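Heads up: the structure comes next, in structure tokens.
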Amino acid sequence: MDFLKPATVLDLKNIRDELVRMEDTIIFKFIERSHFPTCPTVYSKNDPKLPIRDFDGSFLDWALMHSEITHSRIRRFESPDQTPFFPDSIQEPILPSIQYPRVLASYSSEINFNDSIKDVYIKQIIPMISKYDGESWENFGSVATIDIECLQSLSRRIHFGKFVAEAKFQADRAVYSKMIQEKDIEGIYQSITNSAVEEKILERLCVKAEVYGVDPTNKEGHRKITPEYLVKIYKELVIPLTKQVEVDYLLRRLECE
Ligand SMILES: O=C(O)C(=O)C[C@]1(C(=O)O)C=C[C@@H](O)C=C1
């Protein structure tokens, strides 16, 4: 898939292949995070145990915001597959702008689920993938760094729902337009759902967690990421959020017809 070539971006097969590749990225990021305990202080807003001058938020928020400011300077958020967690803080790139051909609707950057993604990551995913419940003060910097990578990978995966939605809309304009006009959220939800594809994803994740989640030369060794948790994360969080992105994107799709 090449964002400078719109036809490759709106090909559903290419999109799904990219989603499959992202599974590996997400699993390996989760494995990196699983070496550390939960570290609740990293996520606690304005924690007196970890004071940050002139900042309203958690240590992770501070690190994520500053990382996004730097990344915005090197053009990260010009790319249509990148969605900032702190859209109000990002800056103009120091590199010349790239004029990506428009593949998504003009409002697409307003479809931003990152607050929900951060919330489910902290409240539901961290407790599942961390080594144990507790703090590790000497590792707060490492924890925030890998959290940023986990969040960015999840965000990219979930917001890819916009490309899926656009591809589906263009393939079936009349049917979607009718449902959008009628604000038929349930109808849109049903028509973007492909249970066979979802089942395949979950089956594949089981195998990947078996293979990547343990040292293959020592099956009895410490398991880093279990099939059970990985499937649960995808089934209950990642896929449903992707579908919400798709539905929200489609509901506004006639604005720019
Ligand atoms: O592949 C699709 O058709 C998608 O819409 C993506 C996705 C997913 O999140 O992986 C979401 C909904 C479908 O039920 C199947 C898969």
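What follows is calculated from the coordinates using simple rules that are stated; it is not laboratory data. The structure presented is a predicted model; accordingly, all values stated were derived computationally and were not measured. Cβ sites come from the backbone with ideal geometry, for glycine too, and all protein chains shown count toward neighbours.
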Cα gyration tensor shape of segment 8-256, rounded if a/c is under 1.5, else prolate or oblate by comparing a/b with b/c: oblate
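Which shape class, rounded, prolate or oblate, goes with segment 162-256 when its Cα gyration tensor gives a ≥ b ≥ c as root eigenvalues, a/c under 1.5 marks rounded, and past that a/b bigger than b/c marks prolate? Don't jump to the answer; show the numbers that get you there.
Working: a/c = 3.72, a/b = 3.45, b/c = 1.08.
The shape class here is prolate.
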Gap separating the Cα centres of segment 76-91 and segment 184-204, nearest whole Å: 28
Cα→Cβ-extended label distance, 7 Å offset, between Thr8 and Glu236, nm: 3.8
Protection proxy ranking of 155-164, 196-205 - average other beta-carbon atoms within 10 Å, highest first: 155-164, 196-205
Within the chain, helix-based [θ] at 222 nm, where runs of 4 or more DSSP H residues each add -39,500 (n - 2.57), nearest 500: -16500 deg cm²/dmol
Built amide H within the under 5 Å cut-off of Phe36, gap 5+: Lys131
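Could you list Tyr132, Tyr249 so that the one with the fewest beta carbons within 10 Å of its beta carbon is first and the one with the most is last?
On the way: Tyr132 8, Tyr249 26.
If I rank by nearby Cβ atoms, fewest first, I get Tyr132, Tyr249.
Sort Asp17, Asp11 so the one with the fewest other Cβ atoms within 10 Å of its own Cβ comes first.
Numbers: Asp17 12, Asp11 15.
Sorted ascending by nearby Cβ count, the order is Asp17, Asp11.
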Sites Asp56 and Ile185 - FRET efficiency at Förster radius 41 Å, r taken between beta-carbons, to 0.05: 0.75
Cβ-based exposure ranking for Ser106, Ser195, Ser44, in which fewest neighbours within 10 Å come first: Ser195, Ser106, Ser44
Vicinal HN-Hα couplings computed from phi for segment 187-199 (Karplus, 6.51 cos²θ - 1.76 cosθ + 1.60; Hz; Gly/Pro x): x, 5, 4, 5, 6, 8, 7, 10, 4, 5, 5, 4, 4
Amide H contacts of Ser58 (H built 1.01 Å from N, under 5 Å, at least 5 apart or other chain): Asn46
Inter-centroid distance (Cα atoms) of segment 19-35 relative to segment 101-118, Å: 22
Estimated distance in nm for a label pair at Ser177 and Tyr100, the labels positioned 7 Å out from Cα along Cα-to-Cβ: 2.7
Rg in Å to one decimal, and Dmax rounded to a whole Å, for segment 137-184 via C-alpha atoms: 18.6, 57
Euclidean distance of C-alpha centroids, segment 222-253 and segment 36-53, integer Å: 27
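Is the shape of segment 40-126 rounded, prolate or oblate, going by the alpha carbon gyration tensor and its root eigenvalues a ≥ b ≥ c, with a/c under 1.5 for rounded and a/b larger than b/c for prolate?
Values: a/c = 3.12, a/b = 1.69, b/c = 1.85.
The shape class here is oblate.
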